[in-house]
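The values are calculated or read from the model by the stated rules, or taken from the named source; none is laboratory data. The shown structure was predicted, so the numbers you read here are calculated from the model rather than taken from an experiment. For neighbour counting, all protein chains shown are included, and Cβ atoms are generated from backbone atoms with ideal geometry for every residue, glycine included. Protein only, heavy atoms only, side chains kept; ligands, DNA and RNA dropped before computing areas. Shrake-Rupley method; radii C 1.70, N 1.55, O 1.52, S 1.80 Å.
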Amino acid sequence: MKRFVWILVLAILLIPALAFAQKVTLEFVVWNYSLETIQDNIAQFQKSNPDIKVNVKDYTWPTYHDTMVLRFKGKTKTDIMYNGEDWLPEFAAAGWVAALEDYFPEVRKYKEKTAPYALADMTYNGKLYGLSYYADLITFQYNKKILKDKGITAPNTWDDVLNASLKLKAGGLEFPICYEYNETLPNFLQAYISQVYGRGGTMFDAKLAPQFNNPNSEAFKQMQWLQDAVVKHKIVAYGSHETKVDLAMNTGQHAFTVMYNYMLAAMNNADKPLSGDFDMIPMPGAKHGCLGFAKFYCMTTQAAKDPARRNAAWKFIEAFGGGDYNVAKRWAVEKGLGFAALPLMDDPDVKKAWANWIDMDKFKAQAKLAFNGTQTEWMGMWSGFFRPLMAKAINGDSTVKEVMDQGALKWSEYKELLGK
Amino acid sequence: MSSKLELTRYPLQWLFPVLILVIVFTIYPFAYAIYNSFFQILLVLPTTPFIGLKNYMRVVVSPYFWESLVNTLIFAAVTAPVTVIISLGVARLLLTKFVGRGAVRALVLLPWAIPGSVAGILWLWIFHGQFGVLNALLYSLGIIRTYIQFLKDPLLAKICVMIAHVWTQVPFASVLLMAALTTINKELYEAAEVDGAGSFRRLISVTIPSAAGMLIIALIYELIIGITAYDVVYSLTGGGPGGATTLLSYYIWKESFTQLNFGTGSALGVLVALLTLALITTILKVIPNQIMVKE
Amino acid sequence: MGKKIFVYIAAFALLAFTVVPLLLVLLGSIIPDASILSFPPRWFTRKPTLAYYDYVFTGKIPTAYELRGAERGMITEEVRQVPRGMGVSASVAVMVMAVNMVFGSMAAYSFARLRFRGKAMTFSGIVMCRLLPAAALAVPFYLIVQALGLLDTKLALVLVHSILTLPFTVLILTVFFRSIPVEIEEAAKIDGANPWRTFWRITLPLSASSMVAVGLFAFMLSYSEFLYSNILGGSEKTRTLPVIMAALSTNTDVAWGMFMSGVFLTLIPTLVLVILVWNFVVEGIIFGGSKF
């Protein structure tokens, strides 16, 4: 009897341990945009998947990349993370993130449902590494009320933008363009590349050789256009961050800007003085192309090594980035975040929610003309090197030729050192 | 003033906690930095070969390094003395009796409590070219007809970041100097007054020499803060326009975390440490001081 | 008489320089954005509002966010973390202040009054840490904290903030302790007191004002520290105020007034501390000064 009691006690003590042992704990690292939404999504996921527990670790967006570098260097336990298009090649090359396609070939079924620029951004060495958290475009945004009041038609090319700006300046608007000017931010380069795509140009050719240092290239011409706008025509005011551009635009002193498309939602937000005055048009230039990018969920190589963690991670990534795209839809409807899932572009709920700040058809049309950026193992490094040079060129402290030549040289150096 | 102190055993009981912290958090990082500076450590490459002084060479030939170094040295060289001078005045003032002194003392301390990045944004608001406070004030008073773009002109931008930086530093230096000024023997002042010395004379011949030790410490501290400045400046200008306010701290951080080159990043760290050390040593040698720790 | 006027003018100028920006914070948090962003500037045409503070503490969404129909504009919930962040920052800062005042003063006393082998080296070692820039310290600090199993803990922040403040604390107190005339301490020694007693009974009370200065310094530096708090944190329980504020400053769903209300709240713990402490200091200075 005594022995039976002991076995019973042991069993009772062990059961929770066993149940606990079956539970997999995933460390999910994010940047803390709308953390409460993330936590709510996780709560729902945990309800549907009682054997998986997800711990969130969050960092602020400006230091996310650097903190991830520290986490990887320190081998801190990380299973799933937000990843960005410009970081994928370097993280993958450093052996930190794993290709989903290698472990879960069923991920391939999502490829055709994903916008091409987003798909390209999530692919490295031909393998798909993640499913999208959100995807967006860098678009040309303007104050349609100002243009309407002054009788100016929306610009089609960069010459049009210049002419419209000069007209506005003559009419009293001192700096018709508010430009997000901050060399510490990666999107400083991306916004410029988006403008280059608008002209139908590219930064690099198929063999990854620089094109932008050729004075006849669209890239060179656009940089020159920016410099002239700032120095010669004096139609540009600087905003140190998209949030400050948002506020500046809402003072009614500027008409044009180039930013992440979700900023249109921010500028039109209910509490802003000029809410409703802002709209987006196809990127000026002959081809109206623009830059598209994706942020996505990635699995670490740490997690990939352990079957339990790996399977749980896949469940999580599929629930958040794939499936019926419920999570992506929630971000789109509640927060105006763009998405890579093609089916959502025809979703009536999304269209209705977005009607407050943008016409979905416009977004669709621009998305069709969007390309992703050139992503290599050294793009992040080169971007960090090139941005201060760009800042100088735009401000007129260096000639465009000098800056482009230096940029091309550095690119070739990196390609030599790190290219295959 | 100093009498002969007898040689005692290493005072472990006095130093133990601090020593532990130092050994763990200072010795290891220094060793780590110095060691890594001799290797090529590119995160995206699998091997980390020994390359001797190549990292240091890379730094020395980089135009970014020199530009940010010059910016930083000028920044520190201007803000440090300005802060100390203003703070000396503040400290002196707060020791004089006047109505409301208590409130002023408390309020003067507040800029110190604001995190650097927030202070930068506050001053961004003040200097902003589209909705800035200074512009709004000048415009409302009829002094200007169009807003001044303070942060677009390289020289003005440099001055703006210095003003913001000094604003955050004055509270600390003032507290420090206040503490120093209270220990000055009142009789010295009285003697000087009897000799017929006016306020300014008393400042030069009594206050400054007596508080010399603390003044130097404040200066050195402000220099170090100036050399390592980051938060305030970057949230104000982002390093612009065109590199006018780009500082060393950003360049160093970028080398490790954006260029993913930890070898060069470490070399840079070591170089800056040596530079700061050289600066401090020079100051201590040039100015006669009573800090003398080495006996 | 002229001197009095000069003093008042100087006091006013000083007050303006220091306080006006803070006043702006208060104004910015109660003036609606529509007024702040108006051009030509018309700040005072609309009624001030406490809606943002209300939102921070109770979650009640300001009426400005109501849209036609049932939908509402985007507003961040991050700013509601500010009160908790205040608590985290303040508690870490108080601990750092204690470490500095207790251990820092002990170390400083040994440098000021004792002579021993390895003194210069120890002193240099303490100050050395501050020579390396943050970029060079980030990785080793991270690795150390992780090895100690202290990632995402307040203790890690206390340790790191302490090593960042101790160099100056020790330096300042060493200088200050040496400025106290040795005769006073020798008198105590004759009475039979050992160094420890002398330290507690004589030196510390005489150093009240610089101890307070040092304590405040440690508190402020820890309270406003961003970089290490950011990389060594990762969850709500260690999210300090500077980290929250930095995130808010680049958050697109944060109105200017909302941000300013967060900034104003940041000042409150410090204001409380300063008010408490300054009264004590005033006594100490009046008392201590007359000793000499």
- Note on the structure: Taking first residues from the range A:271-287 that are within 14 Å of another protein chain (Cβ to nearest Cβ) and second residues anywhere that are open to solvent by 40 Å² or more (accessible area, probe 1.4 Å), the pairs with Cβ under 8 Å that are 6 or more apart or on different chains are A:D271/C:A64; A:L274/A:K145; A:D277/A:K144; A:D277/A:K145; A:F278/A:K144
- What pairs can you find where one residue is in the range A:313-331 and assigned by TED's automatic domain parsing to the domain that holds A:N32, the other is part of a helix (DSSP H, G or I) and of a type in the set (G, A, S), and their Cβ atoms are less than 6 Å apart, with a gap of 6+ or different chains? A:A313/A:A303
- Top-ranked residue of the range A:405-420 - restricted to ones that are hydrophobic (A, V, I, L, M, F, W, C) and surrounded by fewer than 15 Cβ atoms within 10 Å (Cβ to Cβ), ranked as farthest from the other protein chains (Cβ to nearest Cβ): A:L409
- Message: Being away from chain B (no Cβ under 14 Å), over 24 Å from A:S275 (Cα atoms) and open to solvent by 10 Å² or more (accessible area, probe 1.4 Å) narrows it down to one residue among A:K351, A:K329, A:K305, A:K335; which is it?
- Response: A:K305
- In the range A:195-214, what residues are assigned to a helix (DSSP H, G or I) and among the small types (G, A, S)? A:G198
- Do the conditions hold for C:I244, that is, is it at pLDDT below 85 and outside the structural domain of C:I31 (by TED's automatic domain parsing)? no
- Taking B:I86 as the residue in question, decide whether it is within 15 Å of B:F262 (Cβ to Cβ) and surrounded by 14 or more Cβ atoms within 10 Å (Cβ to Cβ). no
- Task: For the range A:201-247, enumerate the residues that are of a type in the set (S, T, N, Q), farther than 20 Å from A:G289 by Cβ and in contact (Cβ under 8 Å) with a residue 24 or more places away in the chain.
- Result: A:N213, A:Q227, A:S240
- List, please: which pairs have Cβ atoms under 6 Å, are six or more places apart or on different chains, and start with a residue in the range C:267-278 that is in the same structural domain as C:S222 (by TED's automatic domain parsing) and end with one that is open to solvent by less than 20 Å² (accessible area, probe 1.4 Å) and not in a helix (DSSP H, G or I)? C:V274/B:L109
- Note on the structure: Only one of (1) free of Cβ contacts under 8 Å to residues at least 40 places away in the same chain; (2) aromatic (F, W, Y); (3) in a helix (DSSP H, G or I) does not apply to B:F75, and that is (1)
- Scan the range B:104-155 for residues that are within 7 Å of chain C (Cβ to nearest Cβ), free of Cβ contacts under 8 Å to residues at least 12 places away in the same chain and among the hydroxyl-bearing types (S, T, Y) and report the count. 2
- Message: Of the residues C:D253, C:D191, only one is open to solvent by less than 10 Å² (accessible area, probe 1.4 Å) and among the acidic types (D, E); which?
- Response: C:D253
- Only one of these conditions is not met by C:V127: (1) of a type outside the set (K, R); (2) surrounded by fewer than 24 Cβ atoms within 10 Å (Cβ to Cβ); (3) out of contact with any Cys (no Cβ under 8 Å at 6 or more places or on another chain); (4) modelled with pLDDT of 90 or more. Which number is it? (4)
- Query: Which members of the range C:9-66 meet the condition of being of a type in the set (D, E) and touching a residue at least 60 places away in the same chain (Cβ under 8 Å)?
  - Reply: C:D33
- Scan of the range A:104-163 for residues that are basic (K, R) and either touching a strand residue (DSSP E or B) at 6+ places or on another chain (Cβ under 9 Å) or under 19 Å from A:D324 (Cβ atoms) (or both), ordered by number: A:R108, A:K109, A:K111, A:K113, A:K144, A:K145
- Message: From the list B:I283, B:I291, exactly one residue is more than 9 Å from chain C (Cβ to nearest Cβ), open to solvent by 10 Å² or more (accessible area, probe 1.4 Å) and either modelled with pLDDT under 85 or more than 21 Å from the chain's Cα centre (by Cα) (or both). Which is it?
- Response: B:I283
- Which listed residue, of A:E101, A:E85, is charged (D, E, K, R), within 17 Å of A:K295 (Cα to Cα) and not assigned by TED's automatic domain parsing to the domain that holds A:M381: A:E85
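So if I check each of B:A33, B:A80, which one is under 30 Å from B:V161 (Cβ atoms), surrounded by 13 or more Cβ atoms within 10 Å (Cβ to Cβ), modelled with pLDDT of 85 or more and facing chain C (nearest Cβ under 8 Å)?
B:A33
Does the range A:230-237 contain at least one residue that is within 30 Å of C:A246 (Cα to Cα), among the small types (G, A, S) and open to solvent by 10 Å² or more (accessible area, probe 1.4 Å)?
No, there is no match, as no residue in the range A:230-237 is within 30 Å of C:A246 (Cα to Cα), among the small types (G, A, S) and open to solvent by 10 Å² or more (accessible area, probe 1.4 Å).
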- Of the numbered conditions (1) farther than 15 Å from A:A99 by Cβ; (2) modelled with pLDDT under 95, A:N143 fails exactly one; give the number of that condition. (2)
- Task: Give the residues of the range C:99-130 that are among the hydroxyl-bearing types (S, T, Y) and more than 7 Å from chain B (Cβ to nearest Cβ), sorted by residue number.
- Result: C:S105, C:S124
